[in-house]
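Data first, discussion second: the structure below is written as structure tokens.
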Amino acid sequence: MSEALVAAEASGAVSAAPGPSGARRFWRRLRTQRAALVAAGAVALLVLVALAAPLLTALEGQDPTTYHPALVDSARGGVPTGSFGGVSGEHWLGVEPQTGRDLFARLVYGARVSLGVALAATVVQMLIGVSMGLGAALGGQWVDQLLSRCTDIIIAMPLMIMALALLAIVPSSFPRPVLVALVIGLIGWGNIAKIVRARTLTLKELDYVSAARLSGWSTLRIARRELLPGVAAPVITYAALLVPSNISVEAALSFLGVGVKPPTPSWGQMLTSADVWYQAAPQYLLLPAGALFVTVLALTVLGDGVRTALDPRAASRLRVGTGLKREAGA
């Protein structure tokens with residue numbers, strides 16, 4: 001029987017069933033993690049709200065910059081009139097103290113700024129980090145030493161202090177959300193470069209990369225065709241975990257007064273003046289703080305799920321776990 005199978009396989013009569021593609025394997029592993037799926041749904045909802053901010057505020061009939069002085073009590077220092085901070089059919093979440101600006105409109109537009117800055121900063125970090133890591137791994141000894149020392153300097157720099165210094169000296173005429181994204185991206189790429197360099201040094205010693213080199217491929221072609229697919233998984237994993245960190249940094253910079261400036265709404269910028277109103281108008285503090293908490297938590301859980309789904313050891317763990325369940329059931 002075994003000889004017949006060997007002969008059939010040799011003649012092509014029996015062929016192994018093709019395995020699932022990389023995307024299908026990733027989705028299959030991710031589906032087993034319910035927490036990651038819930039987090040993905042929350043992130044998708046947040047992104048949808050951010051993209052649909054103009055439509056949502058149009059349905060409410062408000063915008064994030066119009067002042068409503070009649071809705072605040074100037075005799076009490078600007079506390080919103082009415083119950084629950086001025087909640088009404090026209091202002092779904094109430095109004096902002098002192099100015100009377102609509103809180104719902106500022107919250108949904110603030111999601112656009114916070115998520116947009118974090119995603120843009122992550123893209124900048126990915127581009128610089130991958131380029132520096134590949135250059136260090138594929139360059140000569142002097143190139144590797146130079147780029148590695150530059151990476152070490154970037155990693156050693158305190159992110160918040162450097163960002164505060166850079167944001168303080170740039171003219172206010174420069175678009176602030178773009179500036180914040182660039183500053184975070186230009187300072188926070190060091191760890192990505194380290195990851196890419198280490199992974200590339202491992203991949204370049206493998207047989208298929210050596211074969212491509214012996215075939216006369218250029219270094220750029222080898223990096224694009226053979227090495228980049230190999231470093232994609234750890235880079236995507238780190239990027240997924242980096243987005244919530246960048247959201248927190250943007251919120252902290254805006255809270256310190258050097259990030260996004262009024263009247264542009266941002267969750268961190270909203271928290272800048274909300275800390276003195278937590279007793280008179282608690283929703284002014286709780287709404288942006290709660291939005292930040294939910295967003296960072298969802299992105300962190302999703303990033304951990306992506307890391308597990310992209311882990312090449314996940315498939316073997318799943319198979320072992322399935323086998324153990326079957327033996328226990330038997």
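Nothing in this text is a laboratory measurement; each read-out follows from the coordinates by a stated rule. None of these values were measured; they are calculated from a predicted model. Methodologically, a virtual Cβ is constructed for each residue, glycine included, from the backbone with ideal geometry; neighbour enumeration extends over all protein chains shown.
Here are some notes:
- Distance in nm between pseudo-label sites at R221 and V38 (7 Å out along the Cβ direction from Cα): 5.1
- Amide H contacts of V72 (H built 1.01 Å from N, under 5 Å, at least 5 apart or other chain): T81
- Estimated FRET transfer efficiency when R0 is 35 angstrom, pair S83-S248 (beta carbons, to 0.05): 0.60
- Computed from the Cβ-Cβ distance with R0 of 35 Å, the FRET efficiency linking T65 to L228 stands at 0.20.
- Packing rank of 96-105, 236-245, where each peptide gets the mean count of other beta carbons within 10 Å, highest leading: 96-105, 236-245
- Burial order of peptide ranges 246-252, 82-88 (average beta-carbon count within 10 Å, highest first): 246-252, 82-88
- Taking 7 Å steps out from each Cα toward its Cβ at I153 and S173 produces label points 3.0 nm apart.
- Site pair E205 and L146 shows an inter-label distance of 2.6 nm when each label is modelled 7 Å from Cα along Cα→Cβ.
- Value of relative contact order over segment 51-323, rounded to a whole percent, pairs C-alpha under 8 Å and six or more apart: 20
- Between the labelled values [x] 94, 60, 33; [y] 86, 52, 36; [z] 60, 58, 38, the entry that holds Cα extents along the principal axes in Å as derived from this structure is [x].
- For peptides 120-128, 67-75, sequence by mean Cβ density within 10 Å, most packed first: 120-128, 67-75
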